[in-house]
Amino acid sequence: MSSLPARGRAACTGFIESVTHQPPSDQPFFSAVVVDALQHRAVPAGAPGAGKEPFARLRVIWLGRSRVPGIEAGVELRLDGMVTQLDGQPAMFNPRYEILSRQEHL
């Protein structure tokens, strides 16, 4: 995620950290946050990178959908789409995606 351009077409691979469902009364869209890795590592105070988020995030938004099959927390996927900025963070709207792996729930 950290190598994504500020704007333009890009492809990347990451893990879904979280998903957001909209209430039925709102306009339908389905949103997910994609990160490079799922487990956050601790950065010791004073170390390079201290005070910064350990992983870059990408917001992925599917307009007109209340759910996207297979898209849930823990899934690894490949995304291809146009990157734009939304509230100061990178975002992709309606990207092509391929599910690479899923976490198994025990």
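Some notes on this structure:
- Note on segment 66-84: residues that are charged (D, E, K, R) and at pLDDT below 90 amount to 1.
- Count of segment 87-98 residues which are surrounded by 14 or more Cβ atoms within 10 Å (Cβ to Cβ) and of a type outside the set (S, T, Y): 6
- Those residues of segment 1-38 which are β-branched (V, I, T) and surrounded by fewer than 16 Cβ atoms within 10 Å (Cβ to Cβ), in sequence order: T13, T20
- Of all residues in segment 62-77, those satisfying the criterion of being touching a Phe, Trp or Tyr at 6+ places or on another chain (Cβ under 8 Å) and more than 14 Å from E17 (Cα to Cα) are W62, L63, G64, R65, S66, R67, V68.
- Residue satisfying all of: in segment 14-29; under 11 Å from R65 (Cα atoms) and touching a Gly at 6+ places or on another chain (Cβ under 9 Å); modelled with the highest pLDDT among these: F29
The values are calculated or read from the model by the stated rules, or taken from the named source; none is laboratory data. Since the model is a prediction, treat every value here as computed from it, not as a measurement. Ideal geometry is used to build each Cβ from the backbone, glycine not excepted, and the neighbour counts take in all protein chains shown.
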